[in-house]
Amino acid sequence: MLVSSQSAAVAAAGLLIALIAVADQRTSPSFGLLYLFPIILIGTTSSRVPIALAAAGCAWLTALFNRLPLSPGAMAAQDALVFTALAGTGLVAHELAKSRRREMAHSQAVQREADARHAAEEQLAAVIDTSPAAILVATSAGEVLLANAAAHRVFDVRDGTLAGRKVGRYVPALASVGAGRSGAPFHTEMECRGQRENGTTFPATVFFSTYATALGDRLAAMVVDTSADRLEREESNLEQLMAGSRAFVSAVTHEVRNLCGAVAVVHENLARSGKLRDDRDFEALGTLVGALTRIASVQLKQRSGQPRTEAVDLTEVLDDLRLVIDPYCDNAGIAVRWGFDAFPAEPVMVSVDRQHLLQALLNLIRNSGRALERADVKEVEVAVAVRGDVVSIRVSDTGPGPASIDYLFQPFQRGAACTGLGLFIARALVRSFRGDLRYDPNPGCSFVIDVPVAVHATGAIKGSIYDTHSIAAR
């Protein structure tokens, strides 16, 4: 565009110069003053060199058609004066046009920036207005300047009435943020309690930051009502606790039934011998054994207590296990090795209760951690093998192993850490979804969880689980 306009200006200037030269040649009065117009036209579009050349040409034409009798010195002075006047005029026009173009470009840039800023402000305002989180902007004194629609809903305030109120009225933890500042901007988050207009409180997570403006310091805060999340978390924890408790009680009642059965057999044998036939204490003992057997036979039939067996990708369960045990093992100085990198291309789906399986694996890892407290080499390996319709998850460690395996899965056994319920509960959890937990002394100290396959992946891992290449976690 600039090249075409420059060419047109030069062509128009050339035509004017030709017309002025023809008129100057044919008339007696000199028209040299008119050369200023084409020079101005050239100066508005060309650089300094073309301006100087055009001024020199016009000065030569003026001298060529000048009919005044002048001496050579006066003629040279006149030519120099004409050239200077024409060139100066062209340069002034050049600088004026250049300044004008620069001013127009600056104005356009400012306008573009203003449009972009306006569009960004509109987008930001739309994001703030439609955000599900409460967003507040307050002064250093705690006076609310801006509040979105979600803030009015969260704090149960009529729309458009939060501005001008104190932020500490609704988030007491933010009341001292402005007063306690050291002057440097900062940002952080905290968990606290918010307060609605009617005085009720709710758990909240607050993300806030401070910043400086020309009108003073400002506080920007995003308040998220976490009541629903906390309720869901507590319900999940309670459900897991109840599920674990029911599995434990079910396993204990099973053992009690076995003991009651053995006592009942002894009682029946003694009754058959007739030696204690008329002994009332013996008859009372039989009644107590029968009552205890009936109590132990009561099944927990609550629907919510049934294990939630579902098809689960085993790799996802092991990933969750790794996230949980890595910090624990790092603190204990235990190297964890994973032997499931030879999985088939398709996922291995197992039919389990995800939480029960994860809890059983955690129990085994914690048992290994206690066994390795005094070991010279502290390593734990979690390996997986697929054999037909069963997936075996092996947890091995370099510890000394149990001193006796006769009562390994029985509760309250002698010499066990704490209550001796860890392996007992772990096996009860696994058996709740038709799996099994067993001890394998070879190689080393190993516990194996066998779970049924839900959807068998194509292909299988060949050989033993120890044929796979173990990956060191660190």
Taking the Cα centre of each part, how many Å lie between region 27-51 and region 211-229?
66
One computes Rg over Rh for region 1-131 from alpha-carbon atoms, with the Kirkwood Rh, and obtains 1.35
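Based on the Cβ-Cβ distance of Ser30 and Met104, what FRET efficiency does E = 1/(1 + (r/R0)^6) give at R0 = 41 Å, to the nearest 0.05?
On the way: r = 38 Å, r/R0 = 0.92.
Efficiency for this residue pair is about 0.60.
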At Leu145 and Arg387, where each label point lies 7 Å from the Cα along Cα→Cβ, what is the point-to-point distance in nanometres?
7.1
Percent of alpha carbon pairs in region 134-225 separated by more than 23 Å?
15
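How much length, in nm to one decimal, is gained on full extension between Glu95 and Leu81, taken as 0.36 nm per residue of separation minus their Cα-Cα distance?
2.9 nm
First measure r as the distance between the Cβ atoms of Ala114 and Ala12, then evaluate 1/(1 + (r/R0)^6) with R0 = 35 Å and state the FRET efficiency to the nearest 0.05.
Details: r = 36 Å, r/R0 = 1.04.
Working from the Cβ atoms, E equals 0.45.
Here, each number is a calculation from the coordinates, and none is a lab measurement. On a predicted model such as this, the values are computed, not experimentally measured, just so you know. Methodologically, a virtual Cβ is constructed for each residue, glycine included, from the backbone with ideal geometry; neighbour enumeration extends over all protein chains shown.
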